[in-house]
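Input: a single structure, listed below in structure tokens.
The values are calculated or read from the model by the stated rules, or taken from the named source; none is laboratory data. Remember, it's a predicted structure, so these values are computed and weren't measured experimentally. As a convention, Cβ positions derive from the backbone with ideal geometry for all residues, glycine included, and neighbour counts pool all protein chains shown. These accessible areas exclude ligands, DNA and RNA; they are computed on the full protein's heavy atoms, side chains included. Shrake-Rupley method; radii C 1.70, N 1.55, O 1.52, S 1.80 Å.
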Amino acid sequence: TFKGYEAAIWEFTYSDGGANLHAVDLGFVTENMGFALFFQTHAENWDESQDLFEQLQESFQPPPGE
């Protein structure tokens, strides 16, 4: 769950333009809208970037009434 809503997390790695990337997509649906919080970084920076991903999650608020 995310902020009381059912949620799913899709975490994956891939290469693009010679860069190795690591990403996570947190998807959830409120009563009326769907959201995806997408976060990516270079794979070698993944561990030290987790605080930033946590801040993204904490700071996101679905619009009122949704």
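Just a few scattered comments:
- For the chain, the solvent-accessible area works out to 68 Å² per residue, with a probe of 1.4 Å and every protein chain left in place.
- Charged-residue dipole, Cβ positions (Lys, Arg, Asp, Glu), the chain about Cα centre, Debye nearest 20: 180
- Coil-residue chymotrypsin sites (Phe, Trp or Tyr not before Pro) of the stretch 4-53, DSSP, other Cβ within 10 Å capped at 16: none
- Under 5 Å from the amide H of THR30 lie the amide H atoms of PHE35, each residue being 5 or more positions distant or on a separate chain, with H modelled from the backbone and absent for Pro and chain starts.
- With 0.36 nm allotted per residue and the present C-alpha distance subtracted, the TRP10-SER59 stretch has 15.7 nm of extension available.
- In degrees, nearest ten, helix 50-59 long axis to first principal axis of the chain (Cα): 20
- Leading residue at positive end of dipole, the chain (Cβ point charges), from THR1, THR41, SER15: THR1
- Percent RCO, i.e. relative contact order, over the chain, from Cα pairs under 8 Å lying at least 6 residues apart: 25
- Over the chain - Rg/Rh using Cα atoms and the Kirkwood inverse-distance radius: 1.04
- Within the accessible area of the chain, the carbon and sulfur atoms contribute 49%, probe 1.4 Å, all protein chains present.
- Hypothetical label at ALA23: residues of the stretch 40-57 whose amide nitrogen lies under 15 Å (7 Å Cα-Cβ projection): 40-43
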